[in-house]
Amino acid sequence: MVFELPALPYSDKALAPVISAETISFHHGKHHRAYVNKLNELAEAQNLLGKSLEELIKTATGPVFNNAAQVWNHTFYWNCMSPDKPKAQGGVAQAIDKAFGSMSAFQEKFTNAALAQFGSGWAWLVKKPSGAVEIATTGNADTPLRTGDKCLLTCDVWEHAYYVDYRNDRKKYVESWWGLVNWDFVAKQFG
């Protein structure tokens, strides 16, 4: 199987003004695409084209892992956003309230985790095997998939996610990003 760049679930202009079409052009059209292209090159050279992204993330190391994880993380990130601004509800909203006390307390803790992530990486809301939800951060290409946690939500805090629109102001980007969270997608992941 050859890996392909997944289409965005909305137009490249749909997330503006929070995320501009210019940022999406670079981030999805060039950056994400480069991970897909490199993964195909590596997978072909190492006879791994029959494996899924998840298999490669769980078993590969080095450049294969890095590119597979970045393809998966970025695809997940795009799906975590929507121009429709759905509200958190149901089981995931209840789990957040139970773990953090309120949605606003969760958002504050998640934002702080995203801001504290040193260098490039990701902030995540994950569901533990116990069913509880937690905030996690990962550096570079790492992903909670490797630890057995179920990914529910992620915010990309690599500079390429916000340098065009926010001139490297990570705080302003993360605070604005909350207005795009696709809570319907998050609820689906929660199950």
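The values are calculated or read from the model by the stated rules, or taken from the named source; none is laboratory data. Only a predicted model underlies this, so the values are computations on that prediction, with no experimental measurement involved. Neighbour counts run over all protein chains shown; Cβ positions are idealised from the backbone, glycine included. The protein model used for the area step is the full one, side chains on, heavy atoms only, and it has no ligands, DNA or RNA in it. Shrake-Rupley method; radii C 1.70, N 1.55, O 1.52, S 1.80 Å.
Quick notes
- Rounded to 10°, Cα long-axis angle of helix 33-45 versus longest principal axis of the chain: 40 degrees
- Rolling a 1.4 Å probe across the protein heavy atoms gives region 34-92 an accessible surface of 47 Å² per residue.
- Mean separation of Cα pairs under 8 Å and 6 or more residues apart, divided by the residue count, gives the chain a relative contact order of 25 percent.
- Considered as an equivalent ellipsoid built on the Cα gyration tensor, region 1-89 has semi-axes of 28, 14, 10 Å, the largest given first.
- As a rough guide to protection, the peptides 81-88, 33-40 ranked by mean Cβ packing within 10 Å, highest first, stand as 33-40, 81-88.
- Structural descriptor for region 1-58: relative contact order 46 percent, calculated from alpha carbon pairs under 8 angstrom and at least 6 residues apart.
- Zone of Ser176's modelled label, taken as backbone nitrogen in region 15-57 under 13 Å from a point 7 Å along Cα→Cβ: 15-24
- Based on the Stokes-Einstein relation at 37 °C and a viscosity of 0.692 mPa s, and on the Kirkwood radius from alpha carbon pairs, the chain is assigned a translational diffusion coefficient of 193 µm²/s.
- Pairwise centroid distance, computed over Cα atoms, of region 141-182 with region 13-86, Å: 13 Å
- Estimated from helical segments only, the mean residue ellipticity of the chain at 222 nm is -13500 deg cm²/dmol, where each DSSP H run of four or more residues counts as -39500 (n - 2.57).
- Computed magnitude of the charge dipole of region 78-191 (debye, nearest 20; Cβ of K, R +1, Cβ of D, E -1): 220 debye
- Of Lys85/Lys188; Lys38/Lys109; Lys58/Lys87; Lys109/Lys150, those spanning more than 23 Å from alpha-carbon to alpha-carbon: Lys38/Lys109; Lys58/Lys87
- Accessible surface for region 108-183, divided over its residues, is 43 Å² per residue with a 1.4 Å probe.
- Eigenvalues of the alpha-carbon gyration tensor of region 142-191, scaled by 5 and square-rooted, set the equivalent ellipsoid semi-axes at 24, 15, 6 angstrom, largest first.
- Highest-first packing order for the peptide set 64-73, 168-177, 47-56 is 64-73, 168-177, 47-56, based on the mean count of other beta carbon atoms within 10 Å.
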